[in-house]
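Working notes, beginning with the structure itself.
Only the coordinates and a few stated rules stand behind these numbers; no lab work does. Predicted model only: the values in this text are computed from it and were never measured. Positions of Cβ are generated from backbone atoms using ideal geometry, with glycine treated the same way; all protein chains shown enter the neighbour counts.
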Amino acid sequence: MDNIIEGIIKGDHRYLAKAISLVENNDPQAEEILSKLSQYNRSNSKSVVIGITGPPGTGKSTLVDQIIKSFRTSQKSIGVIAIDPTSPFSGGAILGDRIRMKKHSLDEKVFIRSMAIRGGSGGISSSTSKVISLLQLSGKDIIIVETVGAGQSDTEIIKISDVVIVVLIPELGDEVQIMKAGLLEIADIYVVNKSDLDGSDQLASELELGISTNLSSRSHPSVVKTSSKNNEGLDSLMEILNSKIKNLKF
C-alpha cells in the first residue's frame with residue numbers, strides 16, 4: 001500500500017489508476033489510502049473541478065478534448081473522470097476511455113479515466129467524489145468530470161464542481177421552454193454546441209432570456225456558442241471559463 005501512496009504523491013498514473021480501481025470496487029484499502037494521503041499538505045490540493053453535463057449527443061466528449069488541449073497550452077496538469085453507462089456483463093464502463101481523448105493518452109500531465117455509473121444518481125458515479133480527492137492529492141491542477149448523458153433532474157454534478165458547464169444543442173429547441181428547473185439552474189456557463197446547425201441563435205437567445213428572468217440560480221451565468229466542426233467558439237469559452245476560475249474563492 002505504501003508504494004501506491006508514494007506513487008500517487010509523485011503523480012505516477014499507474015498507481016493512481018490502481019487506487020481508483022480500489023475505490024470503484026469498494027475495497028477497504030481505498031479508505032486507508034485516502035486517509036494517509038490526506039495527511040500530505042499539497043500546495044495545489046485545491047484543484048479546480050469543472051463539471052460538464054448535458055443531454056446525450058450534445059458533444060460533451062469533443063468539448064472536453066478541446067478544453068484539455070487549451071489548458072495544456074498553459075502547462076496545467078489535467079485529470080479527467082468520464083462517467084459512462086455500466087456494462088451489463090462486466091460491470092465496468094461500457095465505452096472505456098473516450099476515443100476522442102485518446103490523443104492525450106501519451107501526455108504524462110493528462111490522466112483520463114472512464115468510470116461506470118454503477119447505479120449512481122444525477123449522472124455521476126457514487127465513487128466520483130473519492131476519485132476527485134485522489135486526483136487532487138496526485139497534484140492535478142484541473143479536474144474535469146464529464147457526466148453520462150444527463151436529463152433535467154440530473155443535477156448532482158453541482159455538488160462536486162467549482163464550475164459547471166451545461167452543454168446543449170439546437171435540436172433541443174422547445175425543451176428549453178419547459179426546463180424551468182434542473183439542468184438549467186445549475187450552470188455557470190451554458191454552451192450551445194454544434195452552433196453551425198440551424199436554431200443555435202434562437203437557443204442562445206432563449207437561454208439569455210432565461211437568465212434574465214432568473215431561470216438560473218447560479219451567479220452571472222454566461223452563454224457561449226461553439227462548433228467543433230468549424231473550430232469556432234473555443235477561445236471565447238476558455239476566456240469565460242478562465243474568468244470564472246479566477247474569481248473562485250476557496
statement: One finds the C-alpha centres of segment 223-250 and segment 1-71 to be spaced, in Å, by 23
task: Quick one: what are the phi-derived ³J(HN,Hα) couplings along segment 157-167, Karplus 6.51/-1.76/1.60 with θ = phi - 60°, whole Hz, x for glycine and proline?
output: 4, 5, 6, 10, 10, 7, 9, 10, 10, 9, 9
- prompt: Which of ASN3, GLN29, THR58 sits closest to the plus end of the dipole of segment 1-63, meaning its Cα is farthest towards the positive end, when Lys and Arg get +1 and Asp and Glu get -1 on the C-beta?
  reply: THR58
message: Which trypsin sites (Lys or Arg not before Pro) in segment 11-60 sit in a loop by DSSP (not H, G, I, E or B) and have at most 16 other Cβ atoms within 10 Å of their own Cβ?
response: ARG42, LYS46
- line: Cα-Cα longer than 20 Å, checked against LYS159/LYS249; LYS36/LYS140; LYS109/LYS229; LYS103/LYS130, kept in input order, equals LYS109/LYS229; LYS103/LYS130
Fully extended contour minus Cα-Cα distance, from ASN247 to LEU106, at 0.36 nm per residue: 47.6 nm
message: Through the Karplus equation 6.51 cos²θ - 1.76 cosθ + 1.60, θ set to phi - 60°, convert the phi angles of segment 18-30 into ³J(HN,Hα) values in whole Hz; use x for Gly and Pro.
response: 4, 5, 5, 4, 5, 5, 4, 8, 6, 6, x, 5, 4
- prompt: So what J values fall out for segment 184-197 if you push phi through Karplus, 6.51 cos²θ - 1.76 cosθ + 1.60 with θ = phi - 60°, rounded to Hz, Gly and Pro as x?
  reply: 7, 10, 10, 7, 8, 9, 9, 10, 8, 8, 6, 6, 6, 7
- prompt: Under 5 Å between amide H atoms, partner at least 5 residues away or on a different chain: which partners does VAL110 have, H built in plane at 1.01 Å?
  reply: ILE78
